[in-house]
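The values are calculated or read from the model by the stated rules, or taken from the named source; none is laboratory data. Please read all numbers here as calculations on a predicted model, not as lab measurements. Here Cβ is always computed from backbone atoms with ideal geometry, including for glycine, and neighbour counts include all displayed protein chains. For the accessible areas, the whole protein counts, side chains as well, though only heavy atoms, and no ligand, DNA or RNA atoms are used. Shrake-Rupley method; radii C 1.70, N 1.55, O 1.52, S 1.80 Å.
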Amino acid sequence: MELPRNAFKHAIYAGQQQIGLWSSLASHVSVEILAGAGFDWLLLDTEHSANEVPMVLSQLQACMEHPSVMPIVRPPVNDPVAIKRLLDAGVQTLLLPMVDTPEQAADAVAATRYPPAGIRGFASASRASRFGRISNYHQRAHEEICVLVQIESRLGMDNLEAICAVPGVDGVFIGPGDLSAAIGYLGDQNNEHIVTLIEGLIGRIVTAGNRAGILTPSEALARRYIAAGSVFTAVGSDTGLLARNAEALAKRFRA
Ligand SMILES: O=C(O)C(=O)C[C@H](O)[C@@H](O)CO
């Protein structure tokens, strides 16, 4: 078997916009439904979702009929053990939360690399290597692993260019909720001050030669962020789609 190509990683390096959706329902059923919806990537969240590794495995398998969709998994923390378990389950793209310094970014990259380049623990026949069927998996795995880090604090903003320059950081995602909370705008991420700040951060990431990403359920803001340079852009969430559309449907029969 061949090492699966990470089309998402190659696309963002080529500057090809990747439109995504956040998935917090922690369900392989909803992930299979969303995988056929037409997005380029789905974010399988385990930070703000009751989503654990065995469930993520089922969600990865639920995506297999749609190989053009990249399941991106966010571990609950930037931790080498959490990263190892997800990579061994077959995750090829990771979004690491709360990365504030270049050292933390370098640690995230090292956790995805086998020695001597990093510290990823060795498993001879995990799902990642398709149970030993992918020849030279361990030598080539890093080529098709994509490491995305989240900037979502004052310190992260201060260190943005240094983080962008860390070898192996393939993309830099701005966490609008935590970032706005960190600077006194808790729950107000659509405030014009925050939006303008985020546009500036996206521009800094692009100027630094890295690739910018963001999440917003606002179509207008998504288009502003894309215009500012976001190249992997999540435009909604499964929980938001389900809750708001269910409410609207119920309301139509209550009037
Ligand atoms: O800071 C943020 O905002 C994010 O990182 C995204 C949120 O965690 C996600 O749950 C959407 O609210």
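Remarks
- When segment 7-254 is described by a simple charge dipole with +1 on each Lys and Arg Cβ and -1 on each Asp and Glu Cβ, the residue from Pro80, Gly177, Ala246 located farthest towards its positive end is Ala246.
- Ordered from largest to smallest accessible area (heavy atoms of protein chains, 1.4 Å probe), the residues Met64, Met98, Met70 come out as Met64, Met98, Met70.
- Segment 153-255: trypsin sites (Lys or Arg not before Pro) falling in loop per DSSP and having at most 12 other Cβ within 10 Å: Arg254
- When the residues Tyr13, Tyr185, Tyr137 are ordered by accessible surface, computed with a 1.4 Å probe over the protein chains alone, the sequence from largest down reads Tyr13, Tyr185, Tyr137.
- Dipole of the chain, positive direction: furthest Cα of Gly38, Ala234, Asn190, with charges on the beta-carbon: Gly38
- By accessible area, using a 1.4 Å probe on protein heavy atoms only, the chain has 57% of its surface on carbon and sulfur.
- Long-range HN-HN contacts of Gly236 with modeled amide H, under 5 Å: Trp22, Thr216
- Here the dipole of segment 7-254 is about 580 debye; that uses its Cα centre as origin and unit charges on the Cβ of Lys and Arg (positive) and Asp and Glu (negative).
- Pairwise centroid distance, computed over Cα atoms, of segment 106-138 with segment 13-68, Å: 22 Å
- Per residue value of the accessible surface for segment 7-254 (all protein chains in place, 1.4 Å probe), Å²: 44 Å²
- Relative contact order [Cα under 8 Å, 6+ residues apart], segment 7-254, whole percent: 18 percent
- Placing Glu247, Glu103, Glu143 in order of accessible area, with the largest value first and a 1.4 Å probe, yields Glu103, Glu247, Glu143.
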